[in-house]
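**Q** Before we start, here is the structure in question, set down as structure tokens.
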Amino acid sequence: MNTLPILYSFRRCPYAMRARMALVLNNINVELREVVLKDKPAQLIACSPKATVPVLAVSTQFIIEESREIIDWAIQQSDTPVFDLACVEQRTLVDLNDNEFKANLDRYKYFDRFPEHPQSHYREQAQDFLSLLEQRLIHTPYLFGDDICYADIAIFPFIRQFSNVENGWFEQSDYIKLQQWLKRLLHSDAFEITMYRYQQWQMGSPTVRFPNQ
Ligand SMILES: N[C@@H](CCC(=O)N[C@@H](CS)C(=O)NCC(=O)O)C(=O)O
């Protein structure tokens, strides 16, 4: 009988990415159900009517519908957590990422839907947050010190997305420490496991255990 919590995920979604990365780093197993956003399974909608991903169904009674709460859950499940729950300062930085930066990132990425300004304007607006991160990374390899922490995991998928919009621009920019930080995370074993490709889940598909290692 399968008693693993069920994670509804979408490989390229930055919210789902940070949840999976936290599960990998903390060595927590779940059943992964890869969702296609245009073809969401009824089982996802039944357990979470808002039907965003990720969703973690720990049991039929206990559903976690926010990626940050899934990270918290992963940390709490681990006997040897790789990092602690976020302190207030980390939470504030992640709030800034999830609200202001994400909104700017969307306008930058989908600039053609916001014709009031050119793409470079939206890129410019996103840069306050990049500068803030760059400052933090001047003296330490991770955002809050020498070791990877909650904020690194929660934020990096969004910086990855930013860097992919105009990769040439990002690579030649002055955000040297940020580029190094991003590369360090993207080249990690944990990220490789996080980004493993799974086929779309449908009722009757074989159970996929995640992390697959
Ligand atoms: N606050 C949510 C946001 C999740 C979210 O917006 N996920 C997007 C995909 S990246 C989604 O599922 N959108 C619904 C849709 O496209 O139908 C979280 O942190 O988990």
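**Q** Please report the equivalent ellipsoid semi-axes of region 25-159, computed as sqrt(5 x eigenvalue) of the Cα gyration tensor, largest first, in whole Å.
**A** Here the semi-axes work out to 29, 24, 10 Å.
**Q** Let me ask you something else. When Met195, Met203 are ordered from fewest to most other Cβ atoms inside 10 Å of their Cβ, what list results?
**A** In order of increasing Cβ crowding within 10 Å: Met203, Met195.
**Q** Excluding residues fewer than 8 places away in the same chain, name every one of the aspartates and glutamates whose C-alpha is closer than 16 Å to that of Lys109.
**A** Asp98, Glu100, Glu124, Glu166
**Q** From the residues Gln90, Gln43, Val58, which one has its Cα farthest along the dipole of region 1-106 in the positive direction, the dipole being from +1 and -1 charges on Cβ of Lys/Arg and Asp/Glu about the Cα centre?
**A** The Cα lying farthest towards the positive end belongs to Gln43.
**Q** How charged is the neighbourhood of Trp169? Take every other residue with its Cβ under 12 Å from the Cβ of Trp169, and add Lys/Arg as +1 and Asp/Glu as -1.
**A** -3
**Q** Please report the net charge: other residues with Cβ closer than 12 Å to the Cβ of Cys149, K and R +1, D and E -1.
**A** Computed value for this residue: -3.
**Q** Too long at a 25 Å Cα-Cα cut-off: which of Lys40/Lys183; Lys38/Lys102; Lys38/Lys183; Lys50/Lys183?
**A** Lys40/Lys183; Lys38/Lys183; Lys50/Lys183
**Q** Okay, moving on. Most exposed first by the Cβ proxy, i.e. fewest other Cβ within 10 Å, how do Cys13, Cys87 rank?
**A** With the sparsest Cβ surroundings first, the list reads Cys87, Cys13.
**Q** Turning to a different aspect of this structure: For Gln200, what charge total do you get from the other residues with a beta carbon under 15 Å from its beta carbon, if Lys and Arg give +1 and Asp and Glu give -1?
**A** +3
**Q** Still on this structure: From the Cα gyration tensor of region 80-213, with a ≥ b ≥ c the square roots of its eigenvalues, which class applies: rounded if a/c is under 1.5, or else prolate if a/b is larger than b/c, or else oblate?
**A** Oblate is the answer for region 80-213, as a/c is 1.5 or above yet b/c matches or exceeds a/b.
Any read-out appearing in this document is the output of simple, stated calculations on the displayed coordinates, not a laboratory observation. Everything numeric in this text was worked out from a predicted model, so none of it was measured. Every residue, glycine as well, gets a Cβ built from its backbone with ideal geometry; the counts of neighbours run over all protein chains shown.
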